[in-house]
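Visitor: Dropping the structure in here first, questions after.
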Amino acid sequence: MTGKQLLLVCIAVLVVLCITAIIAQAYIQRQRQIAKRKAILRQMLETAQEQSEIFDIKILDTAAAHKGLAGLLQNISPTSLSMEVLNFVSRALVGVTVEVYFRVTLPEGPAFYKFRAIIQDVNSGRHKSTLYISAPEDLAEGQKRIFIRIKPPKDKVSVIGVWEIDSSKPMPRNTSEINRPLLHYRRGMEREPVQVENVSATGMALSFPIEDLDIMPVDLDKGSQLLCLIIYHVGKDERIVTFWCTCTVLHARVHEEPKSALVLGMEFTNWAVLEQGKSDIHWFHSTPSHGVSPITQWVIHMDLEQRKLL
């Protein structure tokens, strides 16, 4: 082999080694990026789980009986997530594709995410089911308008009432059928036995001072049913809306700041808006996929006001 040929061979070997090194470096960098994305993804899911955030699950199969579900994240594994859903879920949904929306509260503010998954399995129960969905490979930023949560300014809420629901009796059809509330609040009261912590079109959170809980003759655990009245003001003309709803308690947690309070996260199950001067209550059923239209309008308006777009 001549010196020229040997030089060409050496150059070829160097070129191959350089290409191999570049490919290897790109592969390692890509694997690091994938590992970093997975770590961030898991961190967001774990944060949502710790904050007891509600996962809004949209069924994408138009033929399915369920159009939307609301679940609490129970377990995270590399291949699947398990969600607790407080109603019956049919095993017919196994294999169906869903779009999942959730929120996490970060130091810089709330962040909204969504991902697509496949329902892998369902453990059906009469009042509670467990849903197993495929673990997401990535998250997309974004939110559905109805899932925005807002903490209403105090001047927007004039009355709050809370009643225990007697499951043996039908829902009230007239305000005359409703007894004294367990708790009530009127704007201007010195004590505040109950406050709206936040509200979205699918539910709300109520906060109760810890010191008042010992005297409450009602179960506030997960799965409890409550009847609530919220009289609020919306729009520049401060239009008054008298909003009745039944709610299911999805989670309960204690907030230490600024004052110790029990916060109940609740999902709307039925709702009604009382016409001014009327006493008849005409109920509508609420679903997690569509939410409650008057609350949606209220939330959107408050969101625009808080972002100074109105």
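The values are calculated or read from the model by the stated rules, or taken from the named source; none is laboratory data. The structure presented is a predicted model; accordingly, all values stated were derived computationally and were not measured. Because the Cβ atoms are built from the backbone with ideal geometry, glycine has one as well, and the counts that use them run over all protein chains shown.
Visitor: Scan the range 222-241 for residues that are free of Cβ contacts under 8 Å to residues at least 40 places away in the same chain and part of a strand (DSSP E or B) and jot them down.
Guide: Across the range 222-241, the qualifying residue is only Arg239.
Visitor: Does Leu81 satisfy the condition of being buried (at least 18 other Cβ atoms within 10 Å of the Cβ), at pLDDT 85 or above and over 24 Å from Gly265 (Cα atoms)?
Guide: Here the answer is no, as Leu81 does not meet what is asked.
Visitor: Which pairs turn up if I take residues in the range 273-295 that are on the phi > 0 side of the Ramachandran plot and outside any loop (DSSP other than H, G, I, E, B) and look for partners that are modelled with pLDDT under 90 and loosely packed, with under 12 Cβ neighbours inside 10 Å with beta carbon separation below 6 Å, at least 6 apart in sequence or on another chain?
Guide: Within 6 Å, no pair qualifies.
Visitor: Identify, please: which residue in the range 152-184 is in a loop (DSSP other than H, G, I, E, B) and among the polar types (S, T, N, Q) and is, among those, modelled with the highest pLDDT?
Guide: Step by step, filter the range 152-184, then rank; the result is Asn179.
Visitor: Just to verify a result, which residue in the range 242-272, among those that are of a type in the set (D, E, K, R) and either loosely packed, with under 12 Cβ neighbours inside 10 Å or in a loop (DSSP other than H, G, I, E, B) (or both), is modelled with the highest pLDDT?
Guide: Within the range 242-272, the match that is modelled with the highest pLDDT is Lys259.
Visitor: Looking at this structure, is Phe102 at pLDDT 85 or above and under 20 Å from Met266 (Cα atoms)? Before you say what the answer is, go through the steps one by one.
Guide: Working: at pLDDT 85 or above: yes; under 20 Å from Met266 (Cα atoms): yes.
It is true that Phe102 is at pLDDT 85 or above and under 20 Å from Met266 (Cα atoms).
Visitor: Here's a check for you: in the range 48-59, which residue that is surrounded by 15 or more Cβ atoms within 10 Å (Cβ to Cβ) and not in a loop (DSSP other than H, G, I, E, B) is nearest to the chain's Cα centre (by Cα)?
Guide: Ile54
Visitor: Of the conditions (1) surrounded by fewer than 17 Cβ atoms within 10 Å (Cβ to Cβ); (2) at pLDDT 85 or above; (3) hydrophobic (A, V, I, L, M, F, W, C), Ile210 clears all except one; give me its number.
Guide: Unmet for Ile210, out of (1) surrounded by fewer than 17 Cβ atoms within 10 Å (Cβ to Cβ); (2) at pLDDT 85 or above; (3) hydrophobic (A, V, I, L, M, F, W, C): (2).
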